[in-house]
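In what follows, a structure is listed as structure tokens, so that the remarks can point back to it.
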Amino acid sequence: MTPREKAEKLFSFGLSSVIMQPFDQQLSEVPADQFIGFLKKMIPGLRSMCVGKNFRFGKNRAGDSQSLIDHGLAGGINVQVAESLILDDLPVSSSRIREALSVGDIKRVNQMLGRNYQVSGTVISGKALGRTIGFPTLNLSWSPEAKPAYGVYAGWAEEMSSGNRIPAIANYGIRPTLEEGNKLPLLEIHCLEEPNLSLWRHGALLSMELSTMIRPEKKFADIEELKSQIKRDCDEARKLFTQNL
């Protein structure tokens with residue numbers, strides 16, 4: 001999630017304000033036993049905190065959640081520790097999510113996130129290659145920190161100004177059949193229903209939820225083979241939608 005997406009998600013849970021604090025040199029050098037005092041100076045109204053069980057803080061990561069509770073008691077701050085969520089007998093963590101994402105196991109990613117993995121970005125101009133082969137796409141300007149595996153995914157696309165949602169497939173990858181030597185990945189969305197072109201257009205802000213991976217990206221022998229595969233991808237996605245993905 002981008003900082004903006006994180007803030008929007010927190011606001012949706014009822015928070016009235018969000019502070020994004022970069023982990024800078026000043027913060028990294030605060031000794032663990034001075035951390036509560038540092039926070040109280042930065043946020044004078046601070047009364048309580050909630051951290052994860054594996055939270056570390058202070059210079060050289062010297063403090064842990066239990067020591068934070070102890071320092072909090074001394075400083076008049078109530079510290080609550082959230083237990084880790086467990087899936088398949090292991091704690092859910094960002095590293096597990098990233099690993100599942102890197103191999104295209106989007107269903108497991110969504111299980112661990114508790115929501116569908118979401119892509120958001122602005123529609124940019126492309127080469128209209130999809131339109132020439134009968135499968136027009138909306139190309140998103142998107143550069144994630146944690147990239148999903150290259151491949152074709154089924155999910156819901158949404159035009160964010162209107163909230164209009166459409167079933168769609170998305171291809172994320174380098175399009176080896178169409179662009180030899182292209183190294184920059186692109187996210188292309190093909191809507192399975194006819195979109196309102198006054199909304200779904202260049203410059204629009206779209207999001208795409210990835211619900212199911214249909215197949216990994218591959219290079220096809222020619223355009224006709226690619227077209228046949230895209231049609232099968234669309235048919236498979238429609239079947240998945242009838243099964244609620």
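Observations, loosely collected:
- For segment 212-241, the candidate set comprises residues that are of a type in the set (A, V, I, L, M) and either under 23 Å from the mean Cα position of the chain (by Cα) or closer than 14 Å to residue 135 by Cβ (or both); within that set, the residue that is surrounded by the fewest Cβ atoms within 10 Å (Cβ to Cβ) is 223.
- Here residue 225 meets the list (1) touching a residue at least 60 places away in the same chain (Cβ under 8 Å); (2) not in a loop (DSSP other than H, G, I, E, B) almost entirely, failing just condition (1).
- Scope segment 7-40; condition assigned to a helix (DSSP H, G or I) and either among the polar types (S, T, N, Q) or outside the structural domain of residue 75 (by TED's automatic domain parsing) (or both); matching residues: 7, 8, 9, 10, 11, 12, 25, 26, 28, 34
- Any hit, segment 174-184, residues being exposed (fewer than 12 other Cβ atoms within 10 Å of the Cβ), of a type in the set (Lys, Arg), over 20 Å from the mean Cα position of the chain (by Cα) and farther than 19 Å from residue 136 by Cβ: yes
- Test for residue 157: is it within 30 Å of residue 91 (Cα to Cα) and of a type in the set (Gly, Ala, Ser): no
- Subset of segment 121-138 (residues that are in contact with a Lys or Arg (Cβ under 9 Å, 6 or more places away or on another chain) and within 23 Å of residue 161 (Cβ to Cβ)): 123, 137, 138
- Just one of the listed residues (43, 86) is within 29 Å of the chain's Cα centre (by Cα) and either aliphatic (A, V, I, L, M) or not assigned by TED's automatic domain parsing to the domain that holds residue 212 (or both), and it is 86.
- Count - residues of segment 145-159 that are in contact with a Lys or Arg (Cβ under 7 Å, 6 or more places away or on another chain) and outside any strand (DSSP E or B): 1
- The one condition in (1) surrounded by fewer than 11 Cβ atoms within 10 Å (Cβ to Cβ); (2) without any contact (Cβ under 8 Å) to a residue 24 or more places away in the chain; (3) over 27 Å from the mean Cα position of the chain (by Cα) that residue 48 fails to fulfil: (2)
- Inclusion of residue 218 among residues that are modelled with pLDDT under 95, of a type outside the set (Gly, Ala, Ser) and outside any helix (DSSP H, G or I) is warranted.
The values are calculated or read from the model by the stated rules, or taken from the named source; none is laboratory data. As the structure is a prediction and not an experimental result, all values here were calculated from the model. Cβ coordinates were reconstructed from backbone atoms using ideal geometry, including for glycine residues, and neighbour counts include every protein chain displayed.
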